[in-house]
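I have placed the structure first, in the form of structure tokens, so that the comments after it can refer back to it.
Any read-out appearing in this document is the output of simple, stated calculations on the displayed coordinates, not a laboratory observation. Remember, predicted model here, so these are calculated numbers, not experimental data. Cβ: placed from backbone, ideal geometry, glycine included. Neighbour counts: every protein chain shown.
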Amino acid sequence: MYGKLFSMFIQQFQKVLNKAAALQKLKRFDEALQFYNQAIDENPEVSTYFFNKAVTLQEMNEDEEALKFYDYAIQRDSMDSRYYINKGEVLQKQNKFEQALEQYDYAIKYNPENSKYFFYKANILSKMNRQEEALTFYDLAIKLNPQDSENYVGKANTLNDMNKFDEALKQYDYAININPNDSRYYGNKANTLVKLNRFTEALEYYEQAIKNNPENPIYFFNKAVTLDQMNRFEEALEYFDYAIQRNQNDPSYQTCKGISKKQIQIFQQKFQKKQKNCKKPNNRRIMQFRITQIIQTINLFKQQKINNFFSLK
């Protein structure tokens, strides 16, 4: 008799959870919370109810409330690694890096076989400018799961931050070999090639990023800046236009295009004027020096635009 009642209770409980989860997927968060509250009222010692409610609150960006319910879940079951990793994510979002790091350590303690936990810890260490430690944890994540391309990309991004560009390129290659459909990997590799002044190769990778994700304006913008660096001005303007077509709300795209056009016009006008003056023998050396100054000014401007490259991490 007791077993039958318990079975009925479990079935009823599962229906409540299933309905709440379905509502959560539909972004009907308030309704989902009602079902989780019902489950908590009926059995306040089950940690999963508090955890699921915390996840819903986190999706609603109710971070403080989410933290409170993650704590309630931990109080009822202190050995479930999921509770710590999710709590850490909320704290990281709030830029409370030290507290988040502590939660990731707990998650690793209770589930040291989950590569994602090492990955999350590596990410936050990188954000804290503790790059050498970050690399150690990326390597641990790779060791646990060598088929997860994100582990290599995280390591590559950190190597980039350390100006170890050649090493970063190798890691991007590993990621691309595992998952050749992710446009971010090509885009970030292209950005790294630009830093090495390997512009022609960079263009190839921007083109592959565009092929994989033709609606992302960042790839068009970065390709435009690279073309500008190569003095391929007309093509650069074309790709600035492509970026603007895909995101008309970002003023930086219009600004860069406008400045680029203006620089070209100024260069052309001054160059033509100097060419006329150069016909006079006494002025030729002075004019050539001034033309060189103009080119250096344009190159400095272009380098400033390179520093504004967007990376997708």
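For the pair Gln245 and Asn61, what calculated FRET efficiency results from E = 1/(1 + (r/R0)^6), where r is the Cβ-Cβ distance and R0 = 45 Å, to the nearest 0.05? For R0 = 45 Å, the calculated efficiency reads 0.90.
Working ranking of peptides 124-131, 41-48 by packing, defined as the average number of other Cβ atoms within 10 Å per residue, highest first, is 124-131, 41-48. Dividing the Cα radius of gyration of the stretch 38-97 by 2.2 N^0.38 Å, with N the residue count, gives 1.05. Which net charge results for the neighbourhood of Leu26, defined as the other residues with beta-carbon distances under 13 angstrom from its beta-carbon, given Lys and Arg at +1 and Asp and Glu at -1? It works out to a net charge of +1.
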